[in-house]
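Data block below; observations after.
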Amino acid sequence: MTLPKGLPVVDHHCHLSPHGEGVRAAARFRAAGGTHLFLATQNYEATVPLTLEAYERQFATTVKLAEQVHEESGVRAYPVLAPYPIDLVGASAKLGAPAALDLHRSALDLAGRWVRERKAVALGEVGRPHFEIPSEVAAVVEQAFRHALRVARESDCPVVVHSADLTPAGFLELAERAREVGLRPDRVVKHYTRSLASAEAPGHVVPSYLARRDLVREVLPTHGPWFLETDFLDDPKRPGAVLDLATVPRRASAIARDPAGGEERLYVPFVESVEKVYGWRPELSDEGAAL
Ligand SMILES: [Zn+2]
């Protein structure tokens, strides 16, 4: 490992599952030089959540996983909680769109409360499905998204947005949605950003880039804030669907080893951007473990 001493190495978006590799994946991340994970919740059960209790169970699982990761691997994991926007598709089919929207709003309120109680650091993933949906569902998706942005403003936290790939106009539209409810656009993170061009628009929405080798090289010199992520899914049925959890520390090591330099740029995604968007820095102990 050739990472600079004192540099946190942060994956800004991943998932872990109690049915998947779980803490062992975090141990691999740690072995590669990783120190901090933003751990987004996901549905851990066989069906879409249809009650608030099911969401509470889901969020509690994420928080517990984050604690286990810290205790057993030394990696600090920050929970990011929200009902997944795509849940609205399945829940609308089962409950009807109005009841599905009510449930979704209540789950967003719950996530906001957990952020205010400091059990989580952000709301996520919120937003819109990345595929075509019936217009009736699309209407409730928009209402739910607006509610999510409002809860983020009230809870004074960032939101992590799931959506299809965005054009520059799409980034501006997101900024506008946030401003409409009084949320600062620089607290809105577009997760799974896959090209630099799309994010170089004004609007101050923060891209979280998929840590593909070519993309990391391309974004490294650019002005922050921006993040790197794998969107690791920890799903044994979908190996290789996204990047492996060891990817961000491997990319960081390669940059630190590169005689052409760039090492000092790693402070942009791993320290400065976290501080700008979240308001605090990922801290390390003298031994380099996450605090
Ligand atoms: Zn995700």
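A single member of Gly90, Gly112 is of a type outside the set (Ser, Thr, Tyr) and within 18 Å of Tyr44 (Cα to Cα), and it is Gly90. In summary, Ser106 fulfils each of the numbered conditions (1) open to solvent by 10 Å² or more (accessible area, probe 1.4 Å); (2) closer than 21 Å to Ser17 by Cα; (3) among the small types (Gly, Ala, Ser) with the single exception of condition (2).
Here is a yes/no grid of residues against (1) open to solvent by less than 80 Å² (accessible area, probe 1.4 Å); (2) closer than 22 Å to Leu196 by Cβ; (3) within 16 Å of the ligand (Cβ to nearest atom):
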{"site": "Val121", "(1), (2), (3)": "yes, no, yes"}
{"site": "Phe131", "(1), (2), (3)": "no, no, yes"}
{"site": "Val137", "(1), (2), (3)": "yes, no, no"}
{"site": "Gln143", "(1), (2), (3)": "no, no, no"}
{"site": "Asp156", "(1), (2), (3)": "no, no, no"}
{"site": "His162", "(1), (2), (3)": "yes, yes, yes"}
{"site": "Glu173", "(1), (2), (3)": "yes, yes, no"}
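One line per residue, one yes/no per condition, for (1) open to solvent by 30 Å² or more (accessible area, probe 1.4 Å); (2) more than 16 Å from the ligand (Cβ to nearest atom); (3) at pLDDT 95 or above:
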site	(1), (2), (3)
Met1	yes, yes, no
Lys5	yes, yes, no
Asp11	no, no, yes
Leu16	no, no, yes
Arg30	yes, yes, yes
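Picking from residues in the range 37-50 that are within 14 Å of Ala66 (Cα to Cα) and in contact with a Leu (Cβ under 9 Å, 6 or more places away or on another chain), the one that is most open to solvent (accessible area, probe 1.4 Å) is Gln42.
Checked against the criterion of being within 21 Å of Val126 (Cα to Cα), assigned to a loop (DSSP other than H, G, I, E, B) and in contact with a strand residue (DSSP E or B) (Cβ under 8 Å, 6 or more places away or on another chain), the range 66-82 contains one or more residues that satisfy it.
Within the range 62-76, residues that are in contact (Cβ under 8 Å) with a residue 60 or more places away in the chain and at positive phi reach partners that are open to solvent by 20 Å² or more (accessible area, probe 1.4 Å) and in a loop (DSSP other than H, G, I, E, B) with beta carbons closer than 8 Å, at six or more positions or on different chains, in the pairs Gly74/Ala289. For the range 220-252, filtered to residues that are surrounded by 19 or more Cβ atoms within 10 Å (Cβ to Cβ) and of a type in the set (S, T, N, Q), the residue that is nearest to the ligand (Cβ to nearest atom) is Thr230.
Got at least one residue in the range 262-279 being within 16 Å of the ligand (Cβ to nearest atom) and surrounded by 14 or more Cβ atoms within 10 Å (Cβ to Cβ)? No: zero hits.
The values are calculated or read from the model by the stated rules, or taken from the named source; none is laboratory data. None of the values given here were measured: they were computed from a predicted structure. Every residue, glycine as well, gets a Cβ built from its backbone with ideal geometry; the counts of neighbours run over all protein chains shown. Only protein heavy atoms, including side chains, enter the accessible area calculation; ligands, DNA and RNA are left aside. Shrake-Rupley method; radii C 1.70, N 1.55, O 1.52, S 1.80 Å.
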